Each structure stands twice: as structure tokens, then as C-alpha cells.
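**Student:** Pasting in a structure now, in C-alpha cells, and then I'll have a few things to ask.
The values are calculated or read from the model by the stated rules, or taken from the named source; none is laboratory data. Remember, predicted model here, so these are calculated numbers, not experimental data. Here Cβ is always computed from backbone atoms with ideal geometry, including for glycine, and neighbour counts include all displayed protein chains. The protein model used for the area step is the full one, side chains on, heavy atoms only, and it has no ligands, DNA or RNA in it. Shrake-Rupley method; radii C 1.70, N 1.55, O 1.52, S 1.80 Å.
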Amino acid sequence: MNKELTSIYDNFGIFWRRLTSDSQLRWVGPEKGVIHLATAAIINALWDLWGRIEGKPVWKLLSDMSPDKLVTVMDFRYIGDVVNEFNAREILKERQTHKKEQEIKLLKNGYPAYTTQVGWLGYNDQQLEDLCKKFLDLGYTAFKIKVGQNLEDDIRRCELIRRVIGYENKLMLDANQVWDVHEAIDWMQHLVKFKPTWIEEPTSPDDIHGHSKILAKLQPYNVGVASGEMCANRIMFKQFLTGNAINYCQVDAARMGGINEILTVYIMAYILKKPVCPHAGGVGLCEMIQHLQMWDYICLSQTTQDRIIEFVDQQHEHFVDPVRINNAHYMPPLRPGYSTELKEESIREYMYPEGFYWKNKITEKEKTED
């Protein structure tokens, strides 16, 4: 490893702090928005490179780190009232005993997944039924559908899906932020009879108090609240977790400032007894987040109880090391890195604006204008 990379990886937490502390960049952020997304891109790329240098997938790279080393990559600024470097180190040391056993089980069994493919808005009833049957046959026991556009439609779709999957399997609902707080509470009163595990993003992803009010109203029905895919940083997560605003913590691999920051959220969630059920989907999100959830299984929570990874069955064909699903379980990636390497042909096809896809689009537009 060259001198420049060694200086980063030997002081990764300090590097992360420097990257997010420039006064002019913080004026644009701080630690949120496009600036923080760019931070995530840089940090995640560095983790991918580190895994390649060490010849390990990132989940293994993380799992093999000593607690002393691992806490140095994290930044505990602004969250010291929940966890600090000393607390985190002690927790990780306590979990060392069963690490090898957990890794063996992970390699054999994989990590449970749920599917979002069955319930996109716009599917007709036959599509819903066919997709539920398809994923049941593939071994899935947890299914998520989108709700919030039309109440009568939501009731009909939930009835249909419950008929197909039964009540022994899990059903999750996702509103994608469409409701005000009172609207979310009123709407969900009609859907609690379908016994959903959670309602996801029931209102603005920044409204911690609103989430807390919704959770309080749904608690008697044993319906949880899940959120976090749009949560920009560890400080927001601290408030969601300590404010009793969510039951399920949904970190996103590309939303916050990369792995260094996400690890602190996992530790806060562990301390506050909130299971992490990460958001996935999109281009590469499934590929990345599996590594962090697998690290959690080996080194931190060491359980899959109330924990599961979202799986969206699309766009994996663009990756050199796509996710591997076996009997509705993510199987641990074995190639070095963060599973984010795109195939050369996909880069040539979709790179903007030189890619073949975009050139064809421009040509078609010019023809239409003529």
C-alpha cells in the first residue's frame, strides 16, 4: 500500500472528519444534501479499494478488525450523549467470543431478505397475485407493498395479498412520505387489520416528532414504524432512535457519509434496542448494504431476530459481483471489495453523455425536432 493510502486507512476517522469539516463545504451542508452524498461516494470507494488491497470482501474486512481498530474509523462527534469511542469499544469487545461461530453460520445460511417486487403501485390484481406466488415459491416469507395513493385501493390490495401469503408471513407497508401526520394515523386505522409489521416513511422523513406521534398511535395495534432511508446523518438517527420515533432503523448505504458514519448508527441502534432493517434497491444499494448487515450479524447484534434486508430484483446485471440470493437469503459475497464494480459494457452503455444509450436518446430527440 502506498504512503498516501496508508495515511488514510491508519487514520480513517480523522480523514472522515477532515473531509466533512471544511467550513465552506459545511456552509452548503453541513453533513447533508449533495455534499454528504459526495462524501459517501468518496468514502465508499475508499472502502472498496481497502477491501481489494486486503483481498477481502468489505464485510470480512470489517469483521476481522479488532474493536480498537474499528472504533478509530468512526466519528462520535455530536452523538457522545448516546455512545462514544470508549462505549463502542467495550460493546465490540464483549461480542468477540462468538464471532467465528457467527461467520460460519452466515457463510452456510446467508442473511434473510424480504421482497418489494410484489407491491409496486400500478400493478393489477393478477400481477399482484402472480408475483406473491412466485416469491413464495422462491422461499420468501416477508413482502412489502406501496400504499398511500388511494385508501380503497390499498384495502383491496392488502386483502388480496393476505389471501395469497396468509397471516403466517410478514406484510410491510411503505407510504414513501405521502401523508401528513394526522392523515397517516387516520389512514393506518383502516389497514391495521391486515397486521402489517410496519408502516415505512409515513410522513416527512425529517419529522421526528411526527413519526413519534404516529408510532404512539399504532403501538396498541402492534404495528411498527420504520424510517431512515432519507436520513442524512448520524445526528438525525440519534434523534429518531432516542425520541421513540421508529421501531425499525433503515440505514441506506449511500445516503449518509459512507461506512464510517453508518457504523455509528448501527451501534446506537444496538444500544437503544432498535433492529436495523436497511433500505436497499436502486443501482448497487443491495450490493453495498449486505456487507454492513453481515458485519452486524457477526460482530454486533449477532442475530437476525426482527432483522432483514430489502431485496429488489432489478439492475444487478450491471455488476461484476451482483448479489446472490438463495432461498430468500443474501449469500455473503466472496470477491474482494464492496461489490460495487460495474461491468465495462454497462459503463460504455450508460455513461453520460458519451454512452451509447444517451447518444441514441440525443439522436432520437434531434430526429423528432426535425
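**Student:** Go through His209, Leu37, Gly119 and say which Cα lies farthest out towards the positive end of the charge dipole of the chain; charges sit on Cβ, +1 for Lys and Arg, -1 for Asp and Glu.
**Tutor:** Working it through, the farthest residue towards the positive pole turns out to be His209.
**Student:** When ligands, DNA and RNA are left out and all protein chains stay put, how many square angstrom of accessible area per residue does segment 16-88 have with a 1.4 Å probe? If you can, show how the numbers build up before the last one.
**Tutor:** Numbers: 3420 Å² over 73 residues.
Ligands and nucleic acids excluded, the result is 47 Å² per residue.
**Student:** For Leu25 and Leu107, FRET efficiency with R0 = 35 Å and r from the beta-carbon atoms, rounded to 0.05? Present the calculation step by step, with values, prior to reporting the outcome.
**Tutor:** Details: r = 41 Å, r/R0 = 1.16.
For Leu107 and Leu25, the calculated efficiency is 0.30.
**Student:** Answer rounded, prolate or oblate for segment 18-65, using the Cα gyration tensor with square roots of eigenvalues a ≥ b ≥ c: rounded when a/c is under 1.5, else prolate when a/b is larger than b/c, else oblate. Each step should come with its number before you reach the end.
**Tutor:** On the way: a/c = 3.32, a/b = 3.10, b/c = 1.07.
Judged from the Cα gyration tensor, segment 18-65 comes out prolate (a/c at least 1.5, a/b above b/c).
**Student:** Find out how many positive minus negative residues lie around Ile185, taking Lys and Arg as positive, Asp and Glu as negative, among other residues whose Cβ is under 14 Å from that of Ile185. Walk me through the numbers before you get to the answer.
**Tutor:** Numbers: positive: Lys213, Lys217; negative: Asp180, Glu183, Asp186, Asp207.
Summing Lys/Arg as +1 and Asp/Glu as -1 gives -2.
**Student:** Quickly rank 308-317, 223-232 as a protection proxy: mean count of other C-beta atoms within 10 Å, highest first.
**Tutor:** Values: 308-317: 18.4, 223-232: 23.5.
So the peptides 308-317, 223-232, ranked by packing, come out 223-232, 308-317.
**Student:** Once label points are set 7 Å from the Cα along Cα→Cβ at both Tyr352 and His98, what is their separation, rounded to one decimal in nm?
**Tutor:** Output for this residue pair reads 4.6 nm.
**Student:** Given Lys144/Lys238; Lys274/Lys343; Lys108/Lys274, which pairs have Cα atoms separated by over 28 Å?
**Tutor:** Working: Lys144/Lys238 26 Å; Lys274/Lys343 37 Å; Lys108/Lys274 26 Å.
Lys274/Lys343, as the Cα separations exceed 28 Å there.
**Student:** Would you mind telling me the share, in percent, of accessible area of segment 245-370 contributed by carbon and sulfur at probe 1.4 angstrom?
**Tutor:** On the way: 2680 of 5440 Å².
Roughly 49 percent, rounded to a whole number.
**Student:** I've got another one for you. For a quick check: with amide H placed at 1.01 Å from N, whose amide H comes under 5 Å from Val251's, ignoring anything fewer than 5 positions away on the same chain?
**Tutor:** For Val251, the qualifying residues are Cys277, His279.
**Student:** Moving on to the next point. Which of the helices in the chain meet the span-like rule: DSSP H, Cα axial reach of 24 Å or more, Kyte-Doolittle mean at least -1.0? Walk me through the numbers on the way to the answer.
**Tutor:** On the way: long enough: 33-54 (32 Å, 0.88).
TM-like helix candidates: 33-54.
**Student:** Also, quick follow-up: Percent relative contact order of segment 147-297, based on C-alpha pairs within less than 8 angstrom and at least six residues apart? Write out the running numbers ahead of the final one.
**Tutor:** Values: 234 pairs, mean separation 25.0, N = 151.
Dividing the mean separation by the residue count of segment 147-297 yields 17 percent.
**Student:** While we're here: Determine the calculated [θ] at 222 nm for the chain from helices alone, applying -39500 (n - 2.57) to every DSSP H run no shorter than 4 residues and normalising by the residue count; nearest 500 deg cm²/dmol.
**Tutor:** Numbers: 17 runs with 182 residues, N = 370.
It comes out at -15000 deg cm²/dmol, rounded to the nearest 500.
**Student:** Calculate what fraction, in whole %, of the accessible area of segment 42-86 sits on carbon and sulfur atoms when a 1.4 Å probe is rolled over the protein chains. Present the calculation step by step, with values, prior to reporting the outcome.
**Tutor:** Numbers: 980 of 1730 Å².
Here it works out to 57 percent.
**Student:** Per residue, what accessible area does segment 285-335 have, given a 1.4 Å probe and all protein chains present, in Å²?
**Tutor:** Details: 1740 Å² over 51 residues.
Roughly 34 Å² per residue, with all protein chains present.
**Student:** Using the scaling law 2.2 N^0.38 Å as the reference, what is the normalised Cα Rg of the chain? Mind showing how you got there, number by number?
**Tutor:** Values: Rg = 21.2 Å, N = 370, 2.2 N^0.38 = 20.8 Å.
Scaled against compact globular proteins, the figure is 1.02.
**Student:** A further question follows. Relative to the present Cα-Cα distance, how much length would full extension add between Lys69 and Lys343 at 0.36 nm per residue of separation? Walk me through the numbers before you get to the answer.
**Tutor:** Working: separation 274, 0.36 × 274 = 98.64 nm, distance 3.29 nm.
Taking 0.36 nm per residue and subtracting the Cα distance, the gain is 95.4 nm.
**Student:** In Å², what does the accessible area per residue of segment 133-193 work out to with a 1.4 Å probe? Write out the running numbers ahead of the final one.
**Tutor:** Numbers: 2900 Å² over 61 residues.
Result: 48 Å² per residue.
**Student:** Calculate what fraction, in whole %, of the accessible area of segment 184-238 sits on carbon and sulfur atoms when a 1.4 Å probe is rolled over the protein chains. Walk me through the intermediate numbers first.
**Tutor:** Numbers: 1050 of 2020 Å².
Solvent-exposed carbon and sulfur of segment 184-238 make up 52 percent of the total.
**Student:** Using a simple spin-label model with points 7 Å from Cα along the Cα→Cβ vector, what separation in nm is obtained for Lys134 and Tyr221?
**Tutor:** Here the answer is 3.0 nm between the modelled labels.
**Student:** When the Cα atoms of segment 127-195 are enclosed in a convex hull and the volume is divided per residue, what value in Å³ results? Mind dumping the intermediate values first?
**Tutor:** Details: hull volume 5.6 nm³, N = 69.
With only Cα atoms used, segment 127-195 gives 81 Å³ per residue.
**Student:** What does the charge count near Arg348 come to, summing +1 for each Lys or Arg and -1 for each Asp or Glu among other residues with Cβ under 12 Å from its Cβ?
**Tutor:** On the way: positive: Lys343, Lys359; negative: Glu344, Glu345, Glu349, Glu354.
Around Arg348, the charge tally is -2.
**Student:** Put a dot 7 Å past each Cα toward the Cβ at Thr242 and Gln314; how far apart are the dots in nm?
**Tutor:** Result: 3.9 nm between the two label points.
**Student:** Okay, moving on. Give me the net charge for the shell around Lys146: Cβ to Cβ below 10 angstrom, other residues only, Lys and Arg +1, Asp and Glu -1. Don't skip to the answer; put the middle values down first.
**Tutor:** Numbers: positive: Lys144, Arg157; negative: Asp154, Asp174, Glu200.
Once positives and negatives cancel, what remains is -1.
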